[in-house]
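The values are calculated or read from the model by the stated rules, or taken from the named source; none is laboratory data. For clarity, every value in this text was computed on a predicted model and none was experimentally measured. Note that each Cβ is placed from the backbone with ideal geometry, even for glycine, and that neighbours are counted across all protein chains shown.
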Amino acid sequence: MRILAITAQPDLPEAYLLRGLKEAGVELTCVGEADAKRRELIEEVGIPYHELTLQSKVSFSAMRTLRRLIAEVKPDIVHSFAGRGLSNALLATLGKPVMHVAYRGTMGHLSRWDPTSWITFLNSRVRAIICVSDAVRQYLLSIGIPPSRLRTIYKGHDCAWYTQKQKADLSTLGIPLDAFIVGYTANMRPVKGADVLLEALRYLPATSHIHALLIGEVRDPVITALGAEPSVAPRAHFAGFRADAAALVSACHAIVMPSREREGLPKSVIEGMAQGICPVVSRVGGMPELVKDGECGLIVPPSNATALAQALRQLELDRALCSQLGSAAKKRIETKFNISATIKAHLQVYTELLSTVRKKS
């Protein structure tokens, strides 16, 4: 089978998915940004990589490039890993017998009343949509996409990707050596709930040694204001954007994601779990699929700072439980969210789609 993969900035799971497909015998061609960080991982196994910048959902230059490439490669399936790639690929292949597969990693931002949704995920020419979680699948069902087009395939990982030679020294960020460190990694928008974490710090007793390490860009002025409050500031440490976020998380005791809504399957939580760090997440989107409450982490209600504070305090007081949940979290990534299973599941989707074409012919 011949697959044209349209990406932009592939992460590790995406890059290793493409490698795995190639190693399984798929004739694969990749399109992506010129400066993609994982480009070398893709090219080193012999996957042709074509540079393309997708600046908008409708780019005539991108469509021309894709149309030429599709005529050259003659793919059976075009698999788009982002909305811009999908819309341009659909427009570029008008009148061509090419099947389209899409990836959806988040909930929200689609509507039957939005014309741009009809040139992406609502388009009937999209034969399959790979959903990163069942929560995303249920969302797409709710806006009228037929169930026959939807497949849930978890993004696969390998714990070895995140193994650190040594834990980061967080004292350089002003965190005391005896602190119980709670890590949070995200671009801090209201939906991500960083303010819930900061509010939870207010409810901790004076005897608690819990400190929060917040990694990522602050995109919500509420966060800046909360972080400066006298009751919060001594316990909150902002690291900003860090390319070595996974290394910083390695020194944490717990990883937190208190999102309010629309969470697909957060990569930052998986990166922490893969390192044996206990997750504490809100009951939102796909996170309950990732974390089993009381088995490999803790789940709290969304927008409930009191409940989050209680969960963090429980882990601080019971370090054995925290360690036990962290070990179980790593095991869950190894068994339920591994890259080998993801590669096999994608191959199955491609095979099923191609078999329907052969039956019709």
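What is the one condition in (1) without any contact (Cβ under 8 Å) to a residue 40 or more places away in the chain; (2) closer than 28 Å to ARG137 by Cα; (3) out of contact with any helix residue (DSSP H, G or I) (no Cβ under 8 Å at 6 or more places or on another chain) that SER56 does not satisfy?
(3)
Give me the pairs: first residue in the range 214-243 and in contact (Cβ under 8 Å) with a residue 24 or more places away in the chain, second residue polar (S, T, N, Q) and part of a loop (DSSP other than H, G, I, E, B), beta-carbon distance under 6 Å, and six or more apart or on different chains, which are they?
Here the result reads GLY216/ASN187; GLU217/ASN187; ARG219/ASN187, each pair linking the range 214-243 to a residue that is polar (S, T, N, Q) and part of a loop (DSSP other than H, G, I, E, B).
Please specify each residue of the range 1-33 satisfying the condition of being assigned to a helix (DSSP H, G or I) and either touching a residue at least 60 places away in the same chain (Cβ under 8 Å) or within 23 Å of GLU271 (Cβ to Cβ) (or both).
Correct list: LEU12, PRO13, GLU14, ALA15, TYR16, LEU17, LEU18, ARG19, GLY20, LEU21.
Among the residues of the range 18-43, write down those that are of a type in the set (Gly, Ala, Ser) and either outside the structural domain of ILE6 (by TED's automatic domain parsing) or closer than 20 Å to ALA345 by Cβ (or both).
GLY20, ALA24, GLY25, listed by residue number.
Which of the following residues is within 23 Å of LEU18 (Cα to Cα), in the same structural domain as ASP76 (by TED's automatic domain parsing) and buried (at least 20 other Cβ atoms within 10 Å of the Cβ): ARG127, ARG104?
Matching residue, one of ARG127, ARG104: ARG104.
Hey, among the residues in the range 316-361 that are among the acidic types (Asp, Glu) and in a helix (DSSP H, G or I), which one's farthest from the chain's Cα centre (by Cα)?
By that ranking, first place goes to GLU316.
Do we have any residue at all in the range 290-301 that's crowded, with 21+ Cβ neighbours inside 10 Å and in contact with an Asp or Glu (Cβ under 7 Å, 6 or more places away or on another chain)?
Within the range 290-301 (the criterion being crowded, with 21+ Cβ neighbours inside 10 Å and in contact with an Asp or Glu (Cβ under 7 Å, 6 or more places away or on another chain)), the answer is no, since none of the residues qualifies.
Test PRO48 against the criterion of being modelled with pLDDT of 95 or more, in contact with a Gly (Cβ under 8 Å, 6 or more places away or on another chain) and of a type outside the set (Ser, Thr, Tyr), and give yes or no.
No, not satisfied.
If SER208 satisfies every condition in (1) assigned to a helix (DSSP H, G or I); (2) among the polar types (S, T, N, Q); (3) surrounded by 17 or more Cβ atoms within 10 Å (Cβ to Cβ) but one, which is the exception?
(1)
Out of the residues in the range 251-264 that are at pLDDT 95 or above and surrounded by 22 or more Cβ atoms within 10 Å (Cβ to Cβ), state the one that is farthest from GLN166 (Cα to Cα).
Step by step, filter the range 251-264, then rank; the result is SER259.
Please determine whether any residue of the range 221-237 is charged (D, E, K, R), in a loop (DSSP other than H, G, I, E, B), over 20 Å from the mean Cα position of the chain (by Cα) and surrounded by fewer than 17 Cβ atoms within 10 Å (Cβ to Cβ).
Within the range 221-237, one or more residues are charged (D, E, K, R), in a loop (DSSP other than H, G, I, E, B), over 20 Å from the mean Cα position of the chain (by Cα) and surrounded by fewer than 17 Cβ atoms within 10 Å (Cβ to Cβ).
Read through the list (1) more than 18 Å from the chain's Cα centre (by Cα); (2) assigned by TED's automatic domain parsing to the domain that holds VAL58; (3) among the β-branched types (Val, Ile, Thr), then give the number of the only condition that THR163 fails.
With (1) more than 18 Å from the chain's Cα centre (by Cα); (2) assigned by TED's automatic domain parsing to the domain that holds VAL58; (3) among the β-branched types (Val, Ile, Thr) applied to THR163, the lone miss is (2).
THR185 fails exactly one of the following numbered conditions: (1) modelled with pLDDT under 95; (2) surrounded by 21 or more Cβ atoms within 10 Å (Cβ to Cβ); (3) not charged (D, E, K, R). What is the number of that condition?
Going through the list (1) modelled with pLDDT under 95; (2) surrounded by 21 or more Cβ atoms within 10 Å (Cβ to Cβ); (3) not charged (D, E, K, R), THR185 breaks only (1).
Looking at ARG260, ARG313, which is the one that is assigned to a helix (DSSP H, G or I) and of a type in the set (D, E, K, R)?
It is ARG313.
I'm told ALA247 meets every condition in (1) within 22 Å of CYS322 (Cα to Cα); (2) in contact with a Ser or Thr (Cβ under 9 Å, 6 or more places away or on another chain); (3) modelled with pLDDT under 95; (4) not charged (D, E, K, R) except one. Can you identify the failing condition by its number?
(2)
Here is a check on your reading of the model: is SER111 out of contact with any strand residue (DSSP E or B) (no Cβ under 7 Å at 6 or more places or on another chain), in contact (Cβ under 8 Å) with a residue 12 or more places away in the chain, more than 30 Å from GLY276 (Cα to Cα) and loosely packed, with under 13 Cβ neighbours inside 10 Å?
So SER111 fits the description; yes.
Checking the structure you have, find out if any residue of the range 156-174 is acidic (Asp, Glu) and under 30 Å from GLN348 (Cα atoms).
yes
Give just the number: which of (1) touching a Leu at 6+ places or on another chain (Cβ under 9 Å); (2) free of Cβ contacts under 8 Å to residues at least 40 places away in the same chain does ALA36 not satisfy?
Tallying (1) touching a Leu at 6+ places or on another chain (Cβ under 9 Å); (2) free of Cβ contacts under 8 Å to residues at least 40 places away in the same chain, ALA36 fails exactly one: (1).
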